[in-house]
Each structure stands twice: as structure tokens, then as C-alpha cells.
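First the structure, in the form of C-alpha cells, and then the observations on it.
The values are calculated or read from the model by the stated rules, or taken from the named source; none is laboratory data. All values reported here derive from a predicted model rather than from experimental measurement. Cβ coordinates were reconstructed from backbone atoms using ideal geometry, including for glycine residues, and neighbour counts include every protein chain displayed. To get the accessible areas, we keep the full protein, side chains included, count just its heavy atoms, and leave off ligands, DNA and RNA. Shrake-Rupley method; radii C 1.70, N 1.55, O 1.52, S 1.80 Å.
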Amino acid sequence: MSKVQEPLREKYRSMTPSQFFYEHRELAGFGSPSRALYQTIRELVENALDATDVYGIMPRIVIVVEKLEERQDFYRITVEDNGIGINPKYVPQAFGQVLFSSKYKLRQARGRFGLGAKMAILYGQIKTGKPVEVYTSPIGFTKIYYYKLKIDIERNKPIILSYAEHDNKTLWHGTRISVVIEGDWSRARSRVYEYIKRTAIATPYADIVFIDPEGNMITYWHSIEKLPRPPKEVKPHPHGVDIEQLKRLIRDVKAKTLIEFLVSAFQGVGKRTAEAFLKWAGLNPSLDPHRLNDSLLGELARKLREYPKFRPPSAESLSPFGPEIIEAGLRAILHPEFVVAVSRRPKAYEGHPFIIEVGIAYGGEIPLSNEPILLRYANKIPLLYDEKSDVAWKVIDPRSFNWKDYMVVFPAPVAVLTHIASTKVPYKGVGKESVADVPEIEHELRNALREAARKLRLYLLQKKREEEAKRRVITFVKYTPEVAKGLATILGDIDEKTVQEMLLSAMKRRLRLDDEEFAKLVQGLEVSIEE
Amino acid sequence: MSIEEYIDKADIEARKRALQVFRERFREILEQIKRGENPTIMLPKRTLANTIYDERRKLLLLGPEKLSRSFFDLHESKKFMQTLLMARIIYEALERNEYPTIRDLYYRGKHTIIYREPGGRKHEENTWDEQRESDSVIRDIEVFTGLLREEMLILSKEKGKVVGNMRIRSGGDVIDLSKMGHGAYAIEPTPDLIEFVDVDAEYVLVVEKDAVFQQLHRIGFWRKHKAILITSAGQPDRATRRFVRRLNEELGLPVYILTDADPYGWYIYSVFKIGSITLSYESERLATPNARFIGVSMTDIFGYKRKKPYLTEQERRNYIIKAKDADIKRAYELRNYKWFQTKKWKIEIDIFLERKAKLEIEALTSKGLRFLADKYLPEKIETGDWIE
């Protein structure tokens, strides 16, 4: 969460979180009907993916946007997944109470704290008065549960309007959620399509079906069977902790002394490290963490951030795409002639581990453009807005990156995919649409781009050589008949065909081509002479 | 009677020789291919930079620089193909007893190569597009085989004419060049096939201008002064040059050349005498190093030291033409050529640049045809007033 929130949160302390977030809906991406439509789809799709691939399930996701009869600008958005489902006990809180979430632990996930989906519900409810409807069945449950819910905004509590249980004979598992919101399809259309396309690029292992309000259906079937490595949950790293987090950790971790607390709450901190740290910080190891006042907590948080000898943060909590998935995704959607992807080794900024990945797609059906087409992802979410203020643009911008060194001369058919996987992506705002210029991230992006671009260069170089060889062969072969006929006529004792064959074998020798390579180059080449 | 019986023996011999040379030269190319090498034609470079003035022999010759034209070289491949194509057409014409012109050769070799690239795009390409291209290939074949086009029985337009007390044999006929009426014998494109039967003349006079040639012919200049009278009608073609060369070399006749008094006239003289830059490879056979520039010279117009001018003050005012910028520019170019750096030529060029004046031969016929025929020319030849 960004820093601007701290003073705001102080000021609105008396409001419930529901009220607070509704007041600031534009920060969460619900500022206008068209933006809200796009944002709602996005939040629901991302939750659906988080319920599937993270748990090793190949996602099958159906997205339906319908126009309601009663009002021109009311849309029902339904997203169904085949994920792990939600335990029926928690459904009312999961959808009817802001700040309740299963995602409070530290691992990379698309959404955080489940806020986005609840914003969509909240926004829909206030604008249309319509409740949210949820069908869900966790894996192995014999029933499908149905809820119709509203949020009591004043008290931040769910109101159950209707509940039902159905037999689950097919052992279906997953979640299907429908919300009604005020939207503007005609303005949101291109963004929504772009979002779904980019999601499909990032999830080539998923089946995605989208039906729009005009009844058009578009499908992206999976092109590979491989899922990305699921992230593991890890304890926080001491460098990345603030006072609020510290308070929550003290509340959740059962520890009687400061040293015990440090060892059990943080990753990479054993007894010896904890002792050394406390000595360095001048804190008594036997203090009861529950009794620390705010100023001591502040001191502890600051020292934790500053201590230089903690082990670097673990990257196990991260789930990069991996080059195979990036390449498959780019290939399946953009139909390029060449793709390459690299995953960098984990690095960290301010105690947050991150992995940078870059893919490049070149040629094929990619249109010529004066600058690279940029496809940004953060924790597997496509980012569509504010491209030019993103650190990724800064890195790939032809004004700062010398594409010519890699044989790419604009206008060129080139698309670049960038992915930042991190337990904390440094977004520029709550809208989560662009990533801030963090030096460590910028540096890694640049290295990843260079690494990928080097491979593109090798490919282009090879291609150029082949084209030159082909051009040579075509030139020589097309002139061969006249040369052979000339020699055969003048010399008289040798026939044209023999001279042609001799010329071709001298040609192969000259171009250092074996029969197979030569045959490949001239395949389909026909020459005739009109006298 | 078969058509062969009409054909001259000299002609048949020439064909046999040319065919033989072709087979020998192109056999080398086939051997290269057999050895799996890059087939390569080695040619002397035909550029100004590779044109050398041989001061001892007083000839413009090709220098030692060679260019190799290889088939498996992307930039030379087409030229190589064109060379083989042209060689074949010439070879076939030689075999079939034909006499193609360079234009015929251009048309015969203009083929369309149609090829479909892997991937389906269809292309069409002509073996050559303009005659300029095929003419250049003919010159390449001349230097590659060492045979001039005349020796390959390739014809070009006849331009030069001759009259005089002389009999020649051409294509089996004996022709008396003193019995041409008001006309003249057109010098054939293959002057090497001409046999000199007998001659009664003391010198050869070559006139640049056809009109002046006709005037001198009609008043019987050649009969009275025992001259062979020739015109090149402007820039001399190869046949005229070769014919003049043979008259000088084989019959020992001195050759005098009469042109306009301007840098273009001077250059015509130098082409007769030492060869041309574009065709320097033929100089050894075409140039006449002993040819003399009889006039019209600048000193004839303006006088020089003790020499009196042939024109009066009044005549100069009437006949002199003001030199144009192009003339001046050309004069400066000529001054840079080694073969114009003799004492007498320096005087000519300096007077021209100083006076910026030029004069046509016709000025002398205007003064009086008899003056040109009976005074100017005999007097200059008698007193040795020429430039060499």
C-alpha cells in the first residue's frame, strides 16, 4: 500500500473500511463507469486465477458480461472458475466484509487482501442496489452453496439475503460470482479485450472464454500443459516490516520474549542472528513484545530495516512465469516468428524479494511500429494504464535502450513482455497500473532486456545470413541456364545439362552448402527463359 | 548454287579463326567449373585510370589493371551471365555465316528470365534492358578474346567514304575507287577483309566534314594532287580508322588530317593518331601514329612569329566564331593529356585560349574552293606546315 494512505487513514479513523474505500473508489480504479467495468472484470478474473494455478489446477475461466433489461447502463458481470472454491462458512465474510481475506500471508498473489473484488461489490451495490450472487464448492464437497449478499456499509458486516445448497453430483469445484454494476461497455470494450488478451498471453495453460454484452464470444484455449511453480508462503523479511505489520505479527505470534519473537516471526532469523541483532540494536532480548509502547515499536521497526547482516530475503514466495510459459504465451497470441524469454535470479529491494522476467517476440504477425509494443505484468497481472510512466517503459524506450545494437531498427515488429514478481510490487498508486522507478528493479529489467535482446540478435544475425545465402543462391541459379547454354554451345562437346550440374556442384562448394541445405534454399525455385 | 559460294574466302578464314579463339578461351572457363572453382573471366579494366599513353609508340593503350568477373560473386554474376550469353550469340552467328550488327546482337540476347522464388513470388528480369548494356558486353568479349568485332564479322553502320586512284578487292569483287562518279566507296565494317590490288597516290587526305569531302571530290582534287580522299563524317568509326591505318602501314602513304579549328577537331585528329580512351584496347590495330594534323590550325588563322596568316583581317572578322564555354573547357582538358603536350600543340592551344576563337573548314571553301584545293593544302604539305 502506498504511503499517501497513512495520513488519510488517520483522518478517517471514525469511518468503517467500507465507507473509507467507497469514498476513495477512484484510487482503486472505480472512478468512472467505463473504468469500473474494466476494473470489476479484472478483479474477478484475478481472483479466479489465484484460486486455480496457485493450487496446481489448470484454470478454466468463463467471463460473461450482460446488459440488464431494466437500465441501459447496468451490467451483470459473471466470472466462473474451476478453482479450490471457498468454504461456505467464510463466504459471507469473504464477500461481505472489507479487509477480510485469506491472502494476508506473505506470498506473491495477484490480488492482496481481497480488496478489489469487494470494491466491485461495494461499487455495484451503491450504484445499482443489486446484491452479489455467489455459487461455490470447495474441492471434495458434495454440495454447491449459493449466497445472495449485500454489505452493510455503516457497520461493515455482510447481510445474507438468500442461501441455498444444491447437490454436487459431478463434484464440480470452483466459484461463480455475479455482480451488477453501473458501467459503460462502449468505452471499456477495447481495454477489456486487451486485458483478456494480455491475461491469455500470461496464462497459456488456461482456457479462457469471454462473452461480451453484444453476444460475441472469444476463446483462448491452453497451448501448454505446464503450470508455473506455485509460490510458497514465507515469513516476512525484517527489512520489509513497518509498525502496523510489527503490531500484527506480535499479536499473531505466540512469543514471550523479544528474541523468541524475532526467531519465530521472521524469515532467515535464527537464535544467533537474533542475539547479534538485539545486541547491535541495544535492546533487551528478554523484553515482552506485547508490552512495547509505540515509540519502542517504532525504534524496533527502524532497527530491523537498518541492520545490515540479515540474510537476503527468500525468493521461495515468488512465482515467476518461467521462460517456457512466457514464450508459449507470446507465441500463441501474437504469432511471432521468433520468441525468447529470460527469468532473472531473485533480487531484493528494501527487504522485498523480486524476480524480473522479460520476453521478446519478433516478426510474424506483429505489426511494424516505431517503438516496441510493451506488455507489462506485475505478479502476473497485466498492467494497461499509465504505460509511459512505468519503469519498464523507461527501460525499453528506444531513446534509452540502444535497440540498434541488437539489430532491431525501428519501425520494427517487436513486442516486449516485462514481469515483476514480488511479495511487494512498488506500484505508483492504489490503482496498481504502473510500477515505480526503484533502482534495483530498473537495473534488473535492463539486464533482463539485454539478455533477451542478445538472443534476438543471434536469431536476426542467423536469419540475415540465411537470407543472404538465399539471395546468392537465387541469383546464381537464375543465371545458370544462360551460362550453361553459352558454354555448351561454344564448346560443342558437352551438353547443357552436364554443364548445369557442374555449375551447381561448384556453387555448393563455393557457398559451403551441403546438398540438404542447398535443396532447402532452392526448394520451390523455378526458372525459365523466354527468348 | 549454294549461298556459301558467294562468300569470300577471306571472310570464311576470319570466321574459322574467330570460332577457334572462342573455343579456346571458353574452354578455360569450363575447366574452372570442372575443378569446382568459381568460374572467372579476367579482363583488362576499361577505365580512364587504366588507359596509358605509350610515349615511345605514341599510342593510347590499356594499362595492366585487370578485373576478374566471377559467376559466384553476387555483384558480378549478372555480368558474367551476360558475357556468356553474348559470346554464344556471336559464336552462333559466326557458325551460321551471319553478319549481325550490334543492334541485332542486342535483340537476339534480350531474353526474359522468369523465376518463382521459394515462397511463391514471381519475378521477371531481362538479360539486358538497354543496348548500352549489350554494347558494353561486346567490348568485354573483344578484350577477353583479343578479337575485334570486325574480326568476329559484327557489322556497324558505315560512315566513312573513300575515293582515289586505287583498286581494291572486297567480297570477291574488284572495285575501282576512281570510278565512283559523284559518289564514293563506303568503307565496309570489316576493312581487314579488303585486299589492296593497286594504288597510284602520294598521300592520304582525311577530311572531317563530309560536305568538304564532296566539294573536293567534285573538283577532282584527288586526281590532280594524287591523293586518296577520305572523310570520317565527324568522329571516325572503327572501320575508317582501320582503313586509314592500313593505307599508312601497308602502302606507306603519309596521312594528313583536316578538321575544324577547335578542340573537337583536334580530338578527332588524336583519335586517328593515337586512339580513343573508350576503345584504347583497339589502338594497336586502329591508330595511325604517323598521322599529321594539316589544319586548320590557329597559326593558319592568326599567323605566328614569321608565319603569315592565310586569312586577312577582314576574313577573320567574317569567319571566326566565338568559342563557347564548352570549347574552352575541352581545350583545358586536352592540355592535360600527355599527347597534346608537344611544343606545337601548346602554341595551338594557347592561341585558342587567348583569342577564344574557332573556325570551321568551310570558312576556307567560302574564301574559295580553289584556294583550299590548290593553294592552302598543297602549300602546307610542300612546306611541311603540319603538326605531328
## Note on the structure
Scanning region A:457-478 for residues that are in contact (Cβ under 8 Å) with a residue 24 or more places away in the chain, open to solvent by 10 Å² or more (accessible area, probe 1.4 Å) and β-branched (V, I, T), the one farthest from B:N38 (Cα to Cα) turns out to be A:I474
## Note on the structure
Being within 28 Å of the chain's Cα centre (by Cα) and not in a helix (DSSP H, G or I) narrows B:D385, B:D350 down to just B:D385
### Query
Which residue, of A:E306, A:E275, is farther than 30 Å from A:R344 by Cβ and either open to solvent by 60 Å² or more (accessible area, probe 1.4 Å) or among the small types (G, A, S) (or both)?
A:E275
#### Entry: Within region B:74-87, tally of residues that are hydroxyl-bearing (S, T, Y) and either within 30 Å of B:K338 (Cβ to Cβ) or at the interface with chain A (Cβ under 7 Å from one of its Cβ atoms) (or both)
1
### Query
Given the conditions (1) surrounded by 14 or more Cβ atoms within 10 Å (Cβ to Cβ); (2) over 17 Å from B:G295 (Cβ atoms), which single one is not true for B:F352?
(2)
### Query
Taking region A:122-146, which residues are part of a strand (DSSP E or B) and open to solvent by less than 20 Å² (accessible area, probe 1.4 Å)?
A:V132, A:V134, A:T136, A:S137
## Note on the structure
Result of the Cβ filter at 7 Å on region B:343-367, keeping first residues that are hydroxyl-bearing (S, T, Y) and partners that are open to solvent by 30 Å² or more (accessible area, probe 1.4 Å) and in a helix (DSSP H, G or I), at least 6 apart or interchain, is B:T365/B:Q215; B:S366/B:Y319
### Query
Considering only residues of region A:147-173 that are modelled with pLDDT under 90 and over 13 Å from A:I121 (Cβ atoms), which is least open to solvent (accessible area, probe 1.4 Å)?
A:K157
### Query
Pick from A:R454, A:R450: which is without any contact (Cβ under 8 Å) to a residue 12 or more places away in the chain, away from chain B (no Cβ under 14 Å) and surrounded by fewer than 23 Cβ atoms within 10 Å (Cβ to Cβ)?
A:R450
### Task
Working carefully through the options A:M507, A:M502, find the one that is farther than 30 Å from A:Y406 by Cα, open to solvent by less than 30 Å² (accessible area, probe 1.4 Å) and within 10 Å of chain B (Cβ to nearest Cβ).
A:M507
### Query
Do we find a residue being part of a loop (DSSP other than H, G, I, E, B), in contact with a helix residue (DSSP H, G or I) (Cβ under 7 Å, 6 or more places away or on another chain) and touching a residue at least 40 places away in the same chain (Cβ under 8 Å) anywhere in region B:303-312?
yes
### Query
Is at least one residue of region B:280-293 in contact (Cβ under 8 Å) with a residue 60 or more places away in the chain, hydroxyl-bearing (S, T, Y) and not in a helix (DSSP H, G or I)?
no
### Task
Could you please give the count of residues in region A:479-493 that are more than 7 Å from chain B (Cβ to nearest Cβ) and either assigned to a helix (DSSP H, G or I) or open to solvent by less than 30 Å² (accessible area, probe 1.4 Å) (or both)?
4
### Message
Looking at region B:98-141 only, could you name the residues that are open to solvent by less than 60 Å² (accessible area, probe 1.4 Å), hydroxyl-bearing (S, T, Y) and out of contact with any Asp or Glu (no Cβ under 8 Å at 6 or more places or on another chain)?
### Response
B:T101, B:S134, B:S136
### Query
Here are some conditions: (1) outside any helix (DSSP H, G or I); (2) more than 7 Å from chain B (Cβ to nearest Cβ); (3) modelled with pLDDT under 85. A:K520 meets all but one. Which one does it not meet?
(1)
### Test result for B:E315, among the charged types (D, E, K, R), under 26 Å from B:R57 (Cα atoms) and surrounded by fewer than 21 Cβ atoms within 10 Å (Cβ to Cβ)
no
### Query
Within region A:174-228, which strands (runs of 3 or more DSSP E) (wholly inside it) include 3 or more residues that are surrounded by fewer than 20 Cβ atoms within 10 Å (Cβ to Cβ)?
A:207-211, A:217-220
### Summary
A:G429 fails exactly one of (1) closer than 30 Å to B:E28 by Cα; (2) touching a Leu at 6+ places or on another chain (Cβ under 7 Å); (3) not hydroxyl-bearing (S, T, Y), namely (1)
### Task
Report, by residue number, each residue of region B:109-128 that is more than 26 Å from the chain's Cα centre (by Cα), more than 7 Å from chain A (Cβ to nearest Cβ) and closer than 17 Å to B:I89 by Cα.
B:K110, B:N126
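Table: residues versus (1) part of a helix (DSSP H, G or I); (2) farther than 18 Å from A:K235 by Cα; (3) open to solvent by less than 80 Å² (accessible area, probe 1.4 Å); (4) among the hydroxyl-bearing types (S, T, Y).
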{"position": "A:R251", "(1), (2), (3), (4)": "yes, no, no, no"}
{"position": "A:I259", "(1), (2), (3), (4)": "yes, no, yes, no"}
{"position": "A:P285", "(1), (2), (3), (4)": "no, yes, yes, no"}
{"position": "A:H290", "(1), (2), (3), (4)": "yes, yes, no, no"}
{"position": "A:E299", "(1), (2), (3), (4)": "yes, yes, yes, no"}
### Task
Kindly indicate whether A:E433 is open to solvent by 40 Å² or more (accessible area, probe 1.4 Å), in contact with a strand residue (DSSP E or B) (Cβ under 7 Å, 6 or more places away or on another chain) and of a type in the set (D, E).
no
### Task
Look at A:P236 and say whether it is in contact with a helix residue (DSSP H, G or I) (Cβ under 8 Å, 6 or more places away or on another chain), surrounded by fewer than 20 Cβ atoms within 10 Å (Cβ to Cβ) and at pLDDT below 95.
no
### Task
Go through region B:187-212 and count every residue that is within 22 Å of B:L286 (Cα to Cα) and out of contact with any Lys or Arg (no Cβ under 6 Å at 6 or more places or on another chain).
17
### Message
Looking at region B:52-73, can you tell me whether even one residue there is more than 9 Å from chain A (Cβ to nearest Cβ), of a type outside the set (V, I, T) and under 16 Å from B:W128 (Cβ atoms)?
### Response
yes
